[in-house]
Amino acid sequence: QNGILHQYGGETPEIVVLGSSHGMMWAKVIDEVAKELGLTVSFFTARATPPLIEFPVEKKASSVFTAEEKKRYDETRLQRIKEWSPKVAILIDRWSYRGDMTEYRDLIEYLEACGSQVLFFEQPPEVEVGDYSVPMFVAYQSSQQDELAPNTLIHQHRSEEVVSSNQRLRSLASSRQATHVLPLYDLFLADDESVLVRDGENIFYIDEDHLSYAGALLGKERIQSSIKAIIEQAT
């Protein structure tokens, strides 16, 4: 009922994370940042479940929740945020599949009314690997080479959709003082067409759109700086 809660700071969370599997892929790094900053954090993340909560909350089934379960999940998220008044509410998803971001306005207003600064994570680039996982693709590509290259680049997949969705995030946040977007997309670009998916022994992607822990670590410094700045501003 409290999400996955790790009490590194206050009795109630200073950070709440709302997200899909993309929220889960950043969770370990966010948890490390919270621990290092001495902040309590709660994760409400579930596969194929965007952070969006509609008002009023309705019974609407998803691929992982029955209609009743989803309604209870949404009501619980709203109630806990109201009770906790977290300083930072982080929203994470595969934005390129969500279309019009204006549907998030009601949730943003609710979070801000609860005293939270809203922090959207940009979506990283997607990569073109077909039916392969990225580690499988890297292994196959390496097997075709006489000498192992120092890194691996893969063409971007759906680059226009990803870039456009990140622009919609920034447009949504630009009109609000308490809503921010954390830039992460550029961290993985090798050039205009390619994404860096391996550097030495570190593979940064699991599949076409999910980062590995090594990949998520590339964003740790920015995540920590952003959360620290928001917390300092709020105190």
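The values are calculated or read from the model by the stated rules, or taken from the named source; none is laboratory data. The model shown is predicted, which means the values in this text are computed figures rather than measured ones. Reconstructed Cβ throughout: ideal geometry from the backbone, glycine too, with neighbour counts over all protein chains shown. Side chains included, ligands, DNA and RNA excluded: accessible areas come from the protein's heavy atoms. Shrake-Rupley method; radii C 1.70, N 1.55, O 1.52, S 1.80 Å.
All conditions in (1) closer than 22 Å to Gln224 by Cα; (2) more than 20 Å from the chain's Cα centre (by Cα); (3) not acidic (Asp, Glu) hold for Leu91, with the sole exception of (2). The residues of region 34-48 that are closer than 27 Å to Gln177 by Cα and part of a loop (DSSP other than H, G, I, E, B), listed by number, are Gly38, Leu39, Thr40. Report, by residue number, each residue of region 165-199 that is open to solvent by 40 Å² or more (accessible area, probe 1.4 Å), under 22 Å from Arg105 (Cβ atoms) and either without any contact (Cβ under 8 Å) to a residue 40 or more places away in the chain or outside any strand (DSSP E or B) (or both). Result: Gln167, Arg168, Arg170, Ser171, Ser174, Ser175, Arg176, Gln177, Pro183.
For every residue, the table says whether it meets (1) open to solvent by 10 Å² or more (accessible area, probe 1.4 Å); (2) among the hydrophobic types (A, V, I, L, M, F, W, C); (3) more than 28 Å from Gly38 (Cβ to Cβ); (4) part of a helix (DSSP H, G or I).
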position: Arg77; (1), (2), (3), (4): no, no, no, yes
position: Leu107; (1), (2), (3), (4): no, yes, no, yes
position: Asp131; (1), (2), (3), (4): yes, no, yes, no
position: Glu161; (1), (2), (3), (4): yes, no, yes, yes
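Looking at region 52-62, is at least one residue closer than 21 Å to Thr102 by Cα, in contact with a helix residue (DSSP H, G or I) (Cβ under 7 Å, 6 or more places away or on another chain) and in a strand (DSSP E or B)? No, that holds for no residue.
The condition of being over 19 Å from Ala27 (Cβ atoms), hydrophobic (A, V, I, L, M, F, W, C) and in contact with a Pro (Cβ under 9 Å, 6 or more places away or on another chain) does not hold for Leu169.
Just one of the listed residues (Lys71, Lys87, Lys60) is out of contact with any Phe, Trp or Tyr (no Cβ under 7 Å at 6 or more places or on another chain), open to solvent by 30 Å² or more (accessible area, probe 1.4 Å) and over 26 Å from Arg168 (Cα atoms), and it is Lys71.
I'm checking my understanding of the structure. Among residues of region 34-51 that are more than 13 Å from the chain's Cα centre (by Cα) and surrounded by fewer than 21 Cβ atoms within 10 Å (Cβ to Cβ), which one is nearest to Val118 (Cα to Cα)? Show your work before the answer.
Within region 34-51, the first condition is being more than 13 Å from the chain's Cα centre (by Cα), and the residues that meet it are 34-42.
From what's left, surrounded by fewer than 21 Cβ atoms within 10 Å (Cβ to Cβ): 35-38, 40.
Numbers: Lys35: 20, Glu36: 21, Leu37: 18, Gly38: 19, Thr40: 16 Å.
So, considering only residues that are more than 13 Å from the chain's Cα centre (by Cα) and surrounded by fewer than 21 Cβ atoms within 10 Å (Cβ to Cβ), the one nearest to Val118 (Cα to Cα) is Thr40.
Within region 109-119, being more than 16 Å from Ser174 (Cβ to Cβ) and either open to solvent by less than 10 Å² (accessible area, probe 1.4 Å) or touching a Pro at 6+ places or on another chain (Cβ under 6 Å) (or both) holds for Leu111, Ser116. Per the listing Ile223, Ile230, Ile154, Ile206, the residue uniquely in contact with an Asp or Glu (Cβ under 7 Å, 6 or more places away or on another chain) and either touching a residue at least 24 places away in the same chain (Cβ under 8 Å) or over 20 Å from Ala34 (Cα atoms) (or both) is Ile154. Checked against (1) in contact with a Phe, Trp or Tyr (Cβ under 8 Å, 6 or more places away or on another chain); (2) surrounded by fewer than 12 Cβ atoms within 10 Å (Cβ to Cβ); (3) not basic (Lys, Arg), Ile92 passes all but a single condition, namely (2). Gly9 falls short on exactly one of the conditions (1) of a type outside the set (A, V, I, L, M); (2) open to solvent by 10 Å² or more (accessible area, probe 1.4 Å); (3) closer than 26 Å to Ile203 by Cα, and that condition is (3).
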